[in-house]
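Enquirer: Quick one: the structure is below, questions incoming.
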Amino acid sequence: MMINALALPPSDVEVDAWLTVLTSAAAADLPQLPPPSRVEVAGRLRIVPARGRPVLWAAGGGAGVAALLLFTEEGNTHTAFLDVLAVRPDVRRQGAGTALWERVREELLAQGRTSVATMVDLGGPGQAFAESLGFENVLPMAWYAQELPADGPAQAAQATQAAPVTPGYELLTWHGLVPDAWAPAAAAAHAAMEDAPTGDMDERVQTWTAERLHILQQLILDRGGEMTTVAAVTPQGEVAAYTEIVLPDPAGTGAVQYDTVVVPAHRGNGLGRAVKRHMAAQAVARHPRLRRIATTVADENTPMRAVNASLGYRRERGAGIFQLKL
């Protein structure tokens, strides 16, 4: 099986071929979900992330694709993340996946990496393939989804007006980058994620600064997506809680809930539920076509699973961060 390394950035033809593989794989493995968007796929392939160096491969005849991110952040140069390894359903079990993995493994060893992680949906071909290579589930989690009604904008306006504000806090909404004046406080709140479950992952949590926050948010925008942050703030200028939502393709009907964090000193005041409820209302009002918000939560994160359940999120499918020691 011929495996070709792709030059960066990939051409339109290469992006379209990549999209074809992902679309056919998703239709077979996750038919209940919307198909991949070209805006999102092109953005991820063409805009290099600040966290590392991407390496892309394609199997001959458009049989499959693979994308590896070699971390360059301090403390993480020993590991990497396998972002994609997908094979068209009609040519599976003919060696394309194995050939792609061999190229990935060669690159990992050549770069001195001692481990690699990837995100896998449970119960499907991805899990079977990963486990056959020796990957282990080091952080069990699940996807949860909240379905939004067609008359969302009208309901959103009512929800925004009726949403109770916890005394002592104000809810602020930021579209795109967090404003400069709030970026240091928002970065400090991000640091509260350090107590979030990470299982036995080799990847180390990085120090949050206003600059790093803006770099990662700008990446989403540069890739063609839209981002909204809702924060509960104090009169003293502290971000006590926040939640983020990303539309990888603003013209699409789906969004991904990113981080939701409540700073330890402010827990127990219902802020997690407040910012997520307000976020959903704001997102639907801004994007009338939005019909679905999905998010992942670690199985051991009982408080966040309870918050999501109270807001109407339902468990959709199991997943996990799978890791292999090289």
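The values are calculated or read from the model by the stated rules, or taken from the named source; none is laboratory data. The model shown is predicted, which means the values in this text are computed figures rather than measured ones. Cβ coordinates were reconstructed from backbone atoms using ideal geometry, including for glycine residues, and neighbour counts include every protein chain displayed.
Matching residues to (1) crowded, with 17+ Cβ neighbours inside 10 Å; (2) under 26 Å from Asp299 (Cα atoms); (3) of a type in the set (Ser, Thr, Tyr):
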| residue | (1), (2), (3) |
| --- | --- |
| Asp202 | yes, yes, no |
| Glu211 | no, no, no |
| Gln217 | yes, no, no |
| Asp222 | no, no, no |
| Glu226 | yes, no, no |
| Ala231 | yes, yes, no |
| Gly237 | no, no, no |
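Enquirer: Right, here's the next one. Within the stretch 18-40, how many residues turn out to be under 14 Å from Ala59 (Cα atoms) and buried (at least 17 other Cβ atoms within 10 Å of the Cβ)?
Expert: The number of residues fulfilling the criteria is 4.
Enquirer: Which of (1) under 14 Å from Ala232 (Cβ atoms); (2) in contact with a Gly (Cβ under 7 Å, 6 or more places away or on another chain); (3) surrounded by fewer than 20 Cβ atoms within 10 Å (Cβ to Cβ); (4) not hydroxyl-bearing (Ser, Thr, Tyr) does Val262 not meet, given it meets every other one?
Expert: (3)
Enquirer: Scanning the stretch 137-157 for residues that are touching a helix residue (DSSP H, G or I) at 6+ places or on another chain (Cβ under 9 Å) and at pLDDT 50 or above, which turns out nearest to Thr98 (Cα to Cα)?
Expert: Applying the filter and picking the extreme gives Asn137.
Enquirer: While we're on this one: Quick one: is Ala280 of a type in the set (A, V, I, L, M, F, W, C), under 29 Å from Asp83 (Cβ atoms) and buried (at least 23 other Cβ atoms within 10 Å of the Cβ)?
Expert: So Ala280 passes the test.
Enquirer: Hey, another quick one. Which residues, taken from the stretch 283-326, are in contact with a Ser or Thr (Cβ under 6 Å, 6 or more places away or on another chain) and surrounded by fewer than 22 Cβ atoms within 10 Å (Cβ to Cβ)?
Expert: Matches in the stretch 283-326: Arg289, Arg291, Lys325, Leu326.
Enquirer: Which residues, counting only those in the stretch 295-326, are assigned to a loop (DSSP other than H, G, I, E, B), more than 17 Å from the chain's Cα centre (by Cα) and charged (D, E, K, R)?
Expert: Passing the criteria: only Glu300.
Enquirer: If we scan the stretch 86-103, do we find a residue that is buried (at least 16 other Cβ atoms within 10 Å of the Cβ) and either part of a strand (DSSP E or B) or not assigned by TED's automatic domain parsing to the domain that holds Thr23 (or both)?
Expert: The answer is yes; a qualifying residue exists.
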